[in-house]
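Notes follow the structure.
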Amino acid sequence: MSFIITSESPLQDDVRVLVQALNEFTYELTPAEFRHHMSVEQMAAADTSVFVARDAGGAAIGMGALRRHEGAGEVKRMFVSPAVRGGGLGGAILSEIEKLARAEGFSKLVLETGSNFDAAKRVYARAGFVTCDAVLDYPASPWTAFYEKELA
């Protein structure tokens, strides 16, 4: 499958559709009190860069974001459309996030994901992320899994 990944505004209708699809996916797997979503408007803030993957026809098929914190970059809102999963797109988006984090001088990337999001956990492990204790201000719970990657 052919695709391109660029940094884009999340305030586009097709990106909003991806965000809604991700939210619906998490609704099925995680109780509300353990979901840590960012709205499209929050994703558009200056502390966040959003990467959008588009197929050869220009359709938005995946996304991910880098949110900047003191001392660490955070991977947020990773999602690949179900129709194109398994082709390496998630890893490619994650690679773009990592490239930007390195270019901006971050020494570490962290993330929180659902403990039962097995496909996402495989993508993170393949990219060199390792499990860790709770990160940033996220509470530990049976519904969450935390990962980090040193960039030094």
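Do you know which of the residues in region 83-106 that are in contact (Cβ under 8 Å) with a residue 40 or more places away in the chain and under 26 Å from F25 (Cα atoms) is surrounded by the most Cβ atoms within 10 Å (Cβ to Cβ)? Per the criteria, the residue is I97. Screening the candidates L29, L18 for the property of being in contact (Cβ under 8 Å) with a residue 24 or more places away in the chain, more than 24 Å from E98 (Cβ to Cβ) and of a type outside the set (D, E, K, R) yields one hit, L29.
Residues in region 47-77 that are surrounded by fewer than 18 Cβ atoms within 10 Å (Cβ to Cβ) and either within 16 Å of L111 (Cβ to Cβ) or free of Cβ contacts under 8 Å to residues at least 12 places away in the same chain (or both): D47, T48, G57, G58, R68, H69, E70, G71. Candidates in region 108-146 are the residues that are of a type in the set (F, W, Y) and more than 14 Å from the chain's Cα centre (by Cα); of these, the one that is nearest to P31 (Cα to Cα) is W143. Looking only at residues in region 26-43 that are out of contact with any strand residue (DSSP E or B) (no Cβ under 8 Å at 6 or more places or on another chain) and hydrophobic (A, V, I, L, M, F, W, C), which one is modelled with the lowest pLDDT? Applying the filter and picking the extreme gives A32.
Among the helices (runs of 4 or more DSSP H) confined to region 26-133, the ones with at least 3 residues that are within 24 Å of E150 (Cα to Cα) are located at 89-103, 118-126.
Scan region 32-46 residue by residue and report those that are within 14 Å of the chain's Cα centre (by Cα) and either loosely packed, with under 15 Cβ neighbours inside 10 Å or within 13 Å of G64 (Cα to Cα) (or both). Within region 32-46, R35, H37, M38, S39, V40, M43 meet the criteria. Examine region 125-136 for a residue that is crowded, with 20+ Cβ neighbours inside 10 Å, modelled with pLDDT of 95 or more and of a type in the set (A, V, I, L, M, F, W, C), and state whether such a residue exists. Yes, there is a match, as at least one residue in region 125-136 is crowded, with 20+ Cβ neighbours inside 10 Å, modelled with pLDDT of 95 or more and of a type in the set (A, V, I, L, M, F, W, C).
The values are calculated or read from the model by the stated rules, or taken from the named source; none is laboratory data. In this text the structure is predicted, and so the values were computed from the model without any measurement. In this analysis, Cβ positions are derived from the backbone assuming ideal geometry, glycine residues included, and neighbour counts consider all displayed protein chains.
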